[in-house]
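Asks: Take this structure first; my questions come after.
The values are calculated or read from the model by the stated rules, or taken from the named source; none is laboratory data. Just so you know, these numbers come straight off a predicted model, no measurement behind them. Cβ: placed from backbone, ideal geometry, glycine included. Neighbour counts: every protein chain shown.
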Amino acid sequence: MTSLPPGVALKAFAEIDSTNEEARRLGEAGEAGPVWITAEVQTAGRGRRGRAWASPSGNFMGTLFLRPQCSPRKAAELSFVAAVAVHDAVDGLLPPTLRPELKLKWPNDLLHGGRKLAGILLESSGIAGAELAWLAIGMGINLAQHPDNVEFPATSLAALGVPGVAPAQALERLAAAFDARLRQWRDVRGFAAIREAWLARAAGLGGPITVRLADETFEGTFEGLAPDGALEVRLPSGTLRQVSAGDVFFRAPSL
């Protein structure tokens, strides 16, 4: 039986359209949460900006349903809480020799050796400026398999030489890690402590990056995170630009 933190429920499915979609249904039905929703197979998994998310059996696919009782702006910080928690969980599954290459990529991907190992997708319901009705934090970890021929190269624990990690094992570690980081976020220092933890695990910090927005692509140096989690990019002109939503690609330093 899967062990979860006190007060946290579990809904496990053999097959479902999407664990985030089930979270939406729970929210509309008045579920109080928190609830972890997992599936062995997703038939309509999705990533950021509506992209398809490969959901083969053997990988971890899950969503944490919450009613965080905060504004949408504050709830956005939970993307970083989730990212640090996913890092904590996967770090505990790796042998010490593989841990140094485990990094976080803005806004919410986990990389190993520059390849995507896990992804996070937040979806919610609420009115801007008012308290969020509910929040779904979807998380996918490539345990047994990973996609090939994708824009950003991927990997899996099995490909890294760590086979046999069951989704239930990953869930136990992830649920415990998220519970600990959620309590840290709610503590006195709040998001500042999470931001520091994220930056300590950041990929490409101080190096050249390309940022792709919906209507623009530009280059600069990854300088850090703003206090609200926005990406800080130093442009060639010297101007510091903040980005709240976009895709980041790493570039090799100029010779």
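Asks: Determine which member of the set R173, R115 is more than 20 Å from A23 (Cβ to Cβ) and touching a Leu at 6+ places or on another chain (Cβ under 8 Å).
Replies: Values: R115 fails: touching a Leu at 6+ places or on another chain (Cβ under 8 Å).
Criteria check complete, one pass: R173.
Asks: With the condition kept exactly as written, say whether any residue in the range 22-35 is within 19 Å of the chain's Cα centre (by Cα) and more than 30 Å from A214 (Cβ to Cβ).
Replies: Scanning the range 22-35, I find at least one residue that is within 19 Å of the chain's Cα centre (by Cα) and more than 30 Å from A214 (Cβ to Cβ), so the answer is yes.
Asks: Which members of the range 89-114 meet the condition of being out of contact with any His (no Cβ under 8 Å at 6 or more places or on another chain) and either in the same structural domain as S244 (by TED's automatic domain parsing) or of a type in the set (D, E, K, R) (or both)?
Replies: Residues satisfying the conditions are D91, R99, K105, D109.
Asks: A further question follows. So is T239 free of Cβ contacts under 8 Å to residues at least 40 places away in the same chain and surrounded by fewer than 19 Cβ atoms within 10 Å (Cβ to Cβ) or not?
Replies: Yes: the conditions hold for T239.
Asks: Check off (1) in contact (Cβ under 8 Å) with a residue 12 or more places away in the chain; (2) of a type in the set (V, I, T); (3) outside the structural domain of G92 (by TED's automatic domain parsing); (4) surrounded by fewer than 17 Cβ atoms within 10 Å (Cβ to Cβ) for V233 and give me the number that stays unchecked.
Replies: Status for V233: all satisfied but (4).
Asks: If you check E131, E123, E151, E172, which single one turns out to be in a strand (DSSP E or B), in the same structural domain as T19 (by TED's automatic domain parsing) and among the acidic types (D, E)?
Replies: From the options E131, E123, E151, E172, the qualifying one is E123.
Asks: What strands (runs of 3 or more DSSP E) completely inside the range 195-255 contain at least 1 residues that are among the hydrophobic types (A, V, I, L, M, F, W, C), in contact with a helix residue (DSSP H, G or I) (Cβ under 6 Å, 6 or more places away or on another chain) and under 26 Å from V90 (Cβ atoms)? If you could, list the steps in order and put the result at the bottom.
Replies: Numbers: elements: 208-212, 217-225, 231-234, 240-243, 247-250.
Filter on the range 195-255 gives 217-225.
Asks: Report whether or not D215 is surrounded by 15 or more Cβ atoms within 10 Å (Cβ to Cβ), of a type in the set (D, E, K, R), over 24 Å from Q69 (Cβ atoms) and at pLDDT below 95.
Replies: No; evaluated as a whole, the condition is false for this residue.
Asks: Looking at E131, E77, which one is over 18 Å from R173 (Cα atoms) and either in contact with a helix residue (DSSP H, G or I) (Cβ under 6 Å, 6 or more places away or on another chain) or modelled with pLDDT of 95 or more (or both)? Full working, then the answer.
Replies: On the way: E131 fails: either in contact with a helix residue (DSSP H, G or I) (Cβ under 6 Å, 6 or more places away or on another chain) or modelled with pLDDT of 95 or more (or both).
One residue alone meets the criteria, E77.
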